[in-house]
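Peer 1: First the structure, then my questions, so here it is.
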Amino acid sequence: MKAPNGDKPTMIRRPPTVVCYICGREYGTKSISIHEPQCLKKWHNENNLLPKELRRPEPRKPEIRTIAAKGFYDLDALNEAAWTSAQSQLVPCNLCGRTFLPDRLIVHQRSCKPKASK
């Protein structure tokens, strides 16, 4: 794509996104504050439906205190911490070791077979 003046191609810049610490999905900087309370409510509803052995403690929002010299948060560090938090919500299968959200683990375990020993 050429710039209107014909000099350099224009760069299409993707808007900044923030990773949800609960589900791990990316949201715009304006909509994340709307999404997180709804996501946490959904998380509580789903967690309460799980068998007691699969219930997890409520995810905690990571606190990133690294403020850059210009006075704003390091979005990459914030997203990395949120992604790690979301991944910690996954539960490993006791047969194959793959990780799943708890409600999906129940479905997976219906068809998971232990590896045959050689």
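Every read-out reported here was derived from the displayed coordinates using simple, explicitly stated rules and does not represent laboratory data. Model, not experiment: these values are computed from the prediction. Note: ideal-geometry Cβ built from the backbone for every residue, glycine included; neighbour counts use all protein chains shown.
Peer 1: Under 15 Å between alpha carbons, and skipping anything fewer than 8 positions from Lys52 in its own chain: which aspartates and glutamates qualify?
Peer 2: Correct list for Lys52: Asp103.
Peer 1: To make sure I understand, if each residue's beta carbon is the centre and we count other beta carbons within 10 Å, what order do Ile32, Ile12, Ile106 fall in, fewest to most?
Peer 2: Ile12, Ile106, Ile32
Peer 1: Pop the C-beta distance of Asn45 and Leu95 into the FRET formula with R0 = 25 Å and round what comes out to the nearest 0.05.
Peer 2: In this case the efficiency is close to 0.35.
Peer 1: Let me ask you something else. What does the charge count around His35 come to, taking other residues whose C-beta lies under 12 Å from its C-beta (Lys +1, Arg +1, Asp -1, Glu -1)?
Peer 2: Here the charged neighbours net out to +2.
Peer 1: Around Val18, with a cut-off of 14 angstrom between Cβ atoms, what is the net charge of the other residues, counting Lys and Arg +1 and Asp and Glu -1?
Peer 2: -1
Peer 1: A further question follows. Calculate, in nm to one decimal, what Ile12 and Ser33 gain on full extension: separation in residues at 0.36 nm each, minus their alpha carbon distance.
Peer 2: 5.0 nm
Peer 1: Return the distance in nm (one decimal) between the two label points of a simple spin-label model at Arg60 and Lys113, each offset 7 Å from Cα along Cα→Cβ.
Peer 2: Going by the 7 Å Cα→Cβ label model, 4.3 nm.
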